[in-house]
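Reading through the structure tokens given below for one structure.
The values are calculated or read from the model by the stated rules, or taken from the named source; none is laboratory data. Quick caveat, the model's predicted, so the values are computed rather than measured. Here the Cβ is made from the backbone with ideal geometry for all residues, glycine too, and neighbour counts use every protein chain on show. Each accessible area value is taken on the protein alone, full model and side chains, heavy atoms only, with ligands, DNA and RNA left out. Shrake-Rupley method; radii C 1.70, N 1.55, O 1.52, S 1.80 Å.
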Amino acid sequence: MVRGRTVEWDLSQAPREPKLTIRLRAWERQAQEEIAVRAEREAARRPVDAGALSAIQLDLAALLASAAWSFRSKEPIAREFSEAVSLTPGQHRFARALYIEARGVVAAVDRRLAEPAAQEALMRAEGREADLLEACRHLTRLDADRARDANSIGWDAPSSPAGHRLAGRDALTPIEAGHALTLVHRHRRQLPTELQDRLGLA
């Protein structure tokens with residue numbers, strides 16, 4: 001039945017009309033799929049709850065404070081996430097992945113620094129732990145670019161993660177001091193002359 005520009009169907013006989021029944025089922029499936037897609041899009045834009053936001057931001061802030069170097073070139077993104085007013089589910093997953101990756105970098109560096117240092121380095125570093133810590137901190141202050149630029153300032157790329165990790169210590173263990181001496185030695189020309197003398201690197 002046609003009323004003006006509206007078509008009204010009497011569907012009471014629809015089950016007896018195979019073609020119409022097939023079409024109705026297809027339209028119903030299509031409508032359900034469109035509703036599901038729309039719901040997914042809305043969910044993807046909906047911010048995560050306050051608890052999830054707070055948890056990841058606390059994790060990011062703590063790691064940024066203690067080992068910002070571990071985020072490497074992604075540090076600006078991590079800082080942005082740590083201070084954001086809200087995060088979408090996708091951003092939350094990305095932030096969590098950044099945190100896990102950076103924590104893995106720290107763990108890898110710690111494993112390396114826990115391995116035995118060369119015997120000669122251990123002997124030369126003995127009693128010089130404080131001076132080596134000072135040297136690591138000096139080079140780390142110079143290493144603003146985290147060795148991304150080949151400018152011969154601060155640590156080089158292979159040394160940068162361990163150098164930054166050692167610089168953040170309150171004190172060096174004898175094993176860490178041995179590693180520090182090895183790392184500092186190839187950057188010794190950047191140290192103040194007086195510190196080079198104290199370390200026997202002049």
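Checking the stated criteria, Ala102 turns out not to satisfy the condition of being free of Cβ contacts under 8 Å to residues at least 12 places away in the same chain, assigned to a helix (DSSP H, G or I) and either open to solvent by less than 50 Å² (accessible area, probe 1.4 Å) or in contact with a strand residue (DSSP E or B) (Cβ under 6 Å, 6 or more places away or on another chain) (or both).
Of the numbered criteria (1) crowded, with 22+ Cβ neighbours inside 10 Å; (2) in contact with a Lys or Arg (Cβ under 7 Å, 6 or more places away or on another chain), the one Ala180 fails is (2). For region 74-99, the candidate set comprises residues that are outside any helix (DSSP H, G or I) and among the hydroxyl-bearing types (Ser, Thr, Tyr); within that set, the residue that is most open to solvent (accessible area, probe 1.4 Å) is Ser86.
Restricting attention to region 114-144 and to residues that are in contact with a Pro (Cβ under 9 Å, 6 or more places away or on another chain) and outside any helix (DSSP H, G or I), the residue that is surrounded by the most Cβ atoms within 10 Å (Cβ to Cβ) turns out to be Ala117.
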